[in-house]
Amino acid sequence: MDLLPVAAAGVAAALCAVVVRQRAPEIALALALAACVVLLWHTLPLLETIKDVLDELADLAQVSPQLLRPMLQTVGLALVTKLASALCKDAGEGSLAAFVEVAGSAAAVLVALPLLRMVLQLMLGLL
């Protein structure tokens, strides 16, 4: 995947949003959201490739996919949280953006708990 078209489209959408925001801020927010969806859609193949490589590395290292799943879920949660928070900030809702970040952090901890349980069981098994 070539990053240049994605980056150029992002900059073009940002410039359009700046121009539109002067007359219709709500439309500028919708434009930014639509641009985020389109850019994410074009980035999905890259994320799929990363997942495939991680699965291959897990097979080579003979690591259970259950160990990698929480990590991948946490990365996904972080990306969604960052995007949602940035959109809230663009809408002028700083407090809502802060809550989205707190909720994203709590969700990441929740997703990582099974991994922590596995690590503790491994440590107890070594004792």
Mean shadow area of the stretch 30-127, taken as a quarter of the surface of its Cα convex hull (nm²):
7.6 nm²
Please give the solvent-accessible surface of C16 in Å², to the nearest 10, using a probe radius of 1.4 Å with every protein chain present.
70 Å²
Carbon/sulfur fraction of accessible area - the chain, other protein chains in place, 1.4 Å, %
74 percent
How would M118, M123 line up by accessible area, probe 1.4 Å, largest first?
M123, M118
Using a Förster radius of 30 Å, what is the FRET efficiency between M123 and L60 based on their Cβ-Cβ separation? Nearest 0.05, please.
0.75
What trypsin sites (Lys or Arg not before Pro) in the stretch 1-66 are in a loop by DSSP, with at most 13 other Cβ atoms within 10 Å of the Cβ?
R23
In the full protein assembly as shown, how much of V11 is accessible to a 1.4 Å probe, in Å² to the nearest 10?
90 Å²
Using a 1.4 Å probe and counting only protein heavy atoms, arrange T74, T49 so the residue with the most accessible area comes first.
T49, T74
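The values are calculated or read from the model by the stated rules, or taken from the named source; none is laboratory data. Keep in mind it's a predicted model, so treat the numbers as computed, not measured. Don't worry about glycine lacking a Cβ; one is built from the backbone with ideal geometry, like all the others, and counts go over all protein chains shown. With ligands, DNA and RNA removed, areas are computed over all heavy atoms of the protein, side chains included. Shrake-Rupley method; radii C 1.70, N 1.55, O 1.52, S 1.80 Å.
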